[in-house]
Amino acid sequence: MKIEIATVDDLDKLEALFNAAYLKFVSRIGREPAPMTIDYRPKIKQGLVYVIHKDAAIIGAIVLENRENYLYLGNLAVSPVHQGKGIGRRLLKFAEKEALQRGYFEIRLYTNEKMWENIAIYLKYGYKETGRKEENGFKRVYFTKQLVQPRIIYQ
């Protein structure tokens, strides 16, 4: 199972993944989380969405966007039946590798404050909370991770 750039043919499966992954949060938040309401077609066309396929399904996805001084992780989702199997960790490591390849040494993201599981995962993998604020009716927790610049060894 490799990580690949999503295609427009993946759109329905991608939306199904996001709906399945975020469904459990609807009752906690009181409405659909933002990732369930986004039109991913333009992001796919721009090459911002990466997926992991298993058989005919998409079991993991990540959205990565270049910003001026950092890589923005816009969404990360894993199919509920595949959570806890290292898929999310693989996607986070992929984001770090992509950031460095693109010349960034920082990744930023946010999640909803009622998505406790996500907050714990980001803290576990070295992300630091940088603030909290309400936007568009969502209470968000902001994170950043500083990446180590690879050393160049001359011989």
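Report the calculated FRET efficiency for E4 and E134 (r = Cβ-Cβ distance, R0 = 41 Å), to the nearest 0.05.
For E4 and E134, the calculated efficiency is 0.70.
Too long at a 22 Å Cα-Cα cut-off: which of K13/K133; K13/K54; K124/K145?
With Cα atoms farther than 22 Å apart: K13/K133.
Among L109, G126, T144, which residue has its Cα positioned farthest towards the positive end of the charge dipole of the chain, with +1 placed on the Cβ of Lys and Arg, -1 on the Cβ of Asp and Glu, and the dipole taken about the Cα centre?
The one lying farthest along the dipole's positive direction is G126.
Find how much the distance from A16 to K124 grows on full extension, using 0.36 nm per residue of separation minus their present alpha carbon separation; answer in nm with one decimal.
Extending this stretch completely gives an extra 36.2 nm.
Please list, in chain and number order, the residues 5+ apart from A6 or on another chain whose amide H is under 5 Å from its amide H, with Hs placed from the backbone.
Those lying under 5 Å, H to H, from A6 are V49, Y50, V51.
Quick one: net charge around I3, please, counting Lys, Arg +1 and Asp, Glu -1 for every other residue with C-beta under 10 Å from its C-beta.
Neighbour charge sum, excluding I3 itself: +2.
Among residues other than I62 whose Cβ falls under 10 Å from its Cβ, what is the net charge (Lys/Arg +1, Asp/Glu -1)?
Value of the local net charge: 0.
log10 I(q)/I(0), Debye, Cα-only the range 1-151, no solvent, q = 0.13, 0.16, 0.17, 0.21 Å⁻¹?
Log-scaled intensity ratios, in q order: -0.57, -0.89, -1.02, -1.57.
Using 0.36 nm per residue of separation minus the Cα-Cα distance, give me the extension gain between V148 and Q46 in nm, one decimal.
Between V148 and Q46, full extension yields 34.0 nm more.
If each DSSP helix of 4+ residues adds -39,500 (n - 2.57) and the sum is divided by the residues in the chain, what number results at 222 nm, nearest 500 deg cm²/dmol?
-9500 deg cm²/dmol
Which of the peptides 50-59, 103-112 is most tightly packed, and how do the rest follow, judged by the mean count of other Cβ atoms within 10 Å per residue?
Highest mean packing first, the order is 103-112, 50-59.
If you put +1 on each Lys and Arg Cβ and -1 on each Asp and Glu Cβ, how big is the dipole of the range 3-105 around its Cα centre, in Debye rounded to 20?
The calculation lands at about 360 debye.
Since every read-out is calculated from the coordinates, none of them should be taken as a lab result. Keep in mind it's a predicted model, so treat the numbers as computed, not measured. Glycine gets a Cβ as well: all are built from the backbone with ideal geometry, and neighbour counts include every protein chain shown.
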